[in-house]
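What follows is a short report on a single structure.
The values are calculated or read from the model by the stated rules, or taken from the named source; none is laboratory data. Just so it is clear, the model here is predicted, and its values are computed rather than measured. With ideal geometry, Cβ positions are generated from the backbone for all residues, glycine too; neighbour counts draw on all protein chains shown.
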Amino acid sequence: MRIRVAILTVSDRCSRGEAVDTSGPALAARAADQLGAELVASRCVPDEMEQIADALRQLAAMAPPPDLVLTTGGTGLAPRDVTPEATLAVLDRQHAGLMELIRARCGVSTPRAYLSRGIAGAIGRTLVLNLPGSERGAVESLDALADVLPHALGVLSGTAPDHPRTPTRAVKDTM
């Protein structure tokens with residue numbers, strides 16, 4: 001399965017042309033390298049809940065929809081950091097475990113990883129991940145999931161092959 005990825009940069013300064021987005025292009029490059037992903041869309045919006053939510057809805061409604069939407073920015077503690085709230089407003093289902101894995105893996109070398117309020121979840125069959133706004137934080141967060149994302153996306157899209165389950169311990173017949 002070729003992974004289709006869209007990237008949404010959330011930044012007041014980038015959306016006004018006052019700063020250059022480095023996180024979005026870095027995520028696109030890393031997704032291509034690590035996941036063999038194809039960038040199908042990228043956008044930049046200001047830190048405004050409705051604009052973030054609208055952009056997420058539009059990206060997930062593309063035909064065909066992306067398998068993965070990576071947001072970068074707006075996940076911290078600043079008053080204008082509203083990406084998680086905007087994302088939560090449009091998700092069909094939340095998946096906290098993916099963000100827990102990012103924080104656990106990145107937190108070993110960067111304790112500030114635990115300051116990110118990013119969330120993960122699905123809009124239809126599109127997985128959305130909120131990543132930090134710094135280039136380093138965004139790329140390291142994506143790296144932290146590189147080993148599980150292909151399977152997660154396959155399960156979400158219905159294309160993952162069934163895996164036989166093996167018992168983790170012997171079960172005795174007590175009858």
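Considering only the stretch 99-122, I want to know if a residue exists there that is under 21 Å from P64 (Cβ atoms), surrounded by fewer than 20 Cβ atoms within 10 Å (Cβ to Cβ), of a type in the set (A, V, I, L, M) and at pLDDT 95 or above. Yes, the stretch 99-122 contains a residue that is under 21 Å from P64 (Cβ atoms), surrounded by fewer than 20 Cβ atoms within 10 Å (Cβ to Cβ), of a type in the set (A, V, I, L, M) and at pLDDT 95 or above.
Just need a number here: residues in the stretch 141-150 that are within 16 Å of V69 (Cα to Cα) and either over 12 Å from the mean Cα position of the chain (by Cα) or surrounded by fewer than 19 Cβ atoms within 10 Å (Cβ to Cβ) (or both). Total meeting the criteria: 4.
Those strands (runs of 3 or more DSSP E) of the stretch 1-109 in which 3 or more residues are among the aliphatic types (A, V, I, L, M), touching a residue at least 60 places away in the same chain (Cβ under 8 Å) and within 23 Å of D143 (Cα to Cα) occupy 4-10, 68-72. What about A26, is it buried (at least 19 other Cβ atoms within 10 Å of the Cβ) and among the small types (G, A, S)? In short, no.
Looking across the stretch 123-138, just one residue is among the hydrophobic types (A, V, I, L, M, F, W, C) and outside any strand (DSSP E or B), and that is A138.
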